[in-house]
Amino acid sequence: MAGRLLARGMVAGVIAACLAFLFARIFGEPQVNLAIAFEAAQDAAAGMAPEPELVSRAVQASFGLLVASLMYGAAYGGIYAVVFAFAYGRMGRISPRALALLLAGAGFLTFVLIPGLKYPPNPPGIGHPDTIQLRTATYFEVIALSVCVMAIAILVGRRLALRLGAWNATLCGVGLFVVLTALVQATAPDINEVPANFPAVVLWRFREAAIGMQIVLWGALGLIFGPLAAAVLAPKEGGRRLAG
């Protein structure tokens, strides 16, 4: 059954990635083009020769973006299905569709929103080459800490459920999650390399498109995988009802 869920998770991830690709193509790529034009204008004003393109911009914005999205979606869909298989039956009497949406929301919160609040996505033309290793390391550190914070909050909430009840335990878990998240956000180093003359509208719309792409990806993943998982788990659910 775990293998069947894994296959369906990858399928759902690929479909969700296609939808995210369409969103990025419509809303994100125009902002990337504007950012590249700004960077080129800055280089020309400084007397710097344009860097040669190893891959044309047309390929990057079409086939390259699609391939990257599909690989990203398949990988996340597979991991998501494994987490779903582990969580199913351990999160109380919750339906596969509801659990799929719950895990998709948790994944978006952990892997996208919390790291993005500290280190929001930036278009081309922002960031110094000398700090790329620092920026990459700190970004993945925040993701790892976000996963730990989510796991701690869930474990504490489940432990408290027996003493305080489900509702109060959930509130305690959410409160602990907020406090630990704020601590992570406060202790992670600040990185601000946005040029003073970079167009604010381009930066804002790029970040809107980036977060919108992730919302489409995770939302579609949860909505598509739920029915697929329910079809696999239907015999098991029927057996539980008969046993009850």
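Which angle from 0 to 90°, rounded to the nearest 10, does the C-alpha axis of helix 2-23 make with the longest principal axis of the chain? Between the helix axis and the principal axis of the chain, the angle is about 40 degrees.
How big is D for the chain, in µm² s⁻¹ as a whole number, if Stokes-Einstein is applied with the Kirkwood radius of its Cα pairs at 10 °C and 1.306 mPa s?
Details: Rh = 20.3 Å.
For the chosen part, D equals 78 µm²/s.
Its alpha carbons considered, segment 1-121 gives a radius of gyration followed by a Dmax of 19.2, 65 Å.
What number comes out for accessible area per residue over the chain if the probe is 1.4 Å? Units Å², please.
Numbers: 14340 Å² over 244 residues.
With the other protein chains kept in place, the chain gives 59 Å² per residue.
With the simple model of a label 7 Å out from the Cα in the direction of the Cβ, VAL59 to MET91 spans 4.1 nm. Between LEU134 and ALA2, the simple spin-label model (points 7 angstrom out along Cα→Cβ) gives 4.2 nm.
For the chain, the longest principal axis of the alpha carbon atoms and the long axis of helix 65-87 meet at an angle near 20°. Look at the alpha carbon pairs under 8 Å that are at least 6 residues apart: their mean separation over the length of segment 30-139 gives a relative contact order of 44 percent.
Got the relative contact order for the chain handy, in percent, Cα pairs under 8 Å and 6 or more residues apart?
Across the chain, relative contact order equals 39 percent.
Per 0.36 nm of contour for each residue apart, how much would the distance between ILE143 and ASP190 grow if the chain were fully extended, relative to their Cα-Cα spacing?
Details: separation 47, 0.36 × 47 = 16.92 nm, distance 1.52 nm.
Here the answer is 15.4 nm.
Taking every C-alpha pair closer than 8 Å and separated by at least 6 residues, the mean separation divided by the residue count of segment 113-242 gives a relative contact order of 34 percent.
Using only Cα coordinates, the Kirkwood hydrodynamic radius of segment 110-152 works out to 11.1 Å. Taking a quarter of the surface of the Cα convex hull of segment 111-244 gives a mean projected area of 11.7 nm². With respect to the chain, whose longest principal axis is taken over its alpha-carbon atoms, helix 166-187 is tilted by about 20°. Evaluated on segment 180-239, the Kirkwood hydrodynamic radius is 15.8 Å, with distances taken between all distinct Cα atoms. Within segment 25-98, the trypsin sites (Lys or Arg not before Pro) that combine a DSSP coil assignment with at most 13 other C-beta atoms in a 10 angstrom radius are ARG90, ARG93.
Of all accessible surface on the chain at a 1.4 Å probe, what whole percent is carbon and sulfur?
Details: 10080 of 14340 Å².
Carbon and sulfur: 70 percent of the exposed surface of the chain.
The values are calculated or read from the model by the stated rules, or taken from the named source; none is laboratory data. Being a predicted model, the structure only gives us computed values, none of them experimental. All Cβ positions, even for glycine, are placed from backbone atoms using ideal geometry, and neighbour counts span all protein chains on display. For accessibility, only protein heavy atoms count, side chains too; no ligands or nucleic acids. Shrake-Rupley method; radii C 1.70, N 1.55, O 1.52, S 1.80 Å.
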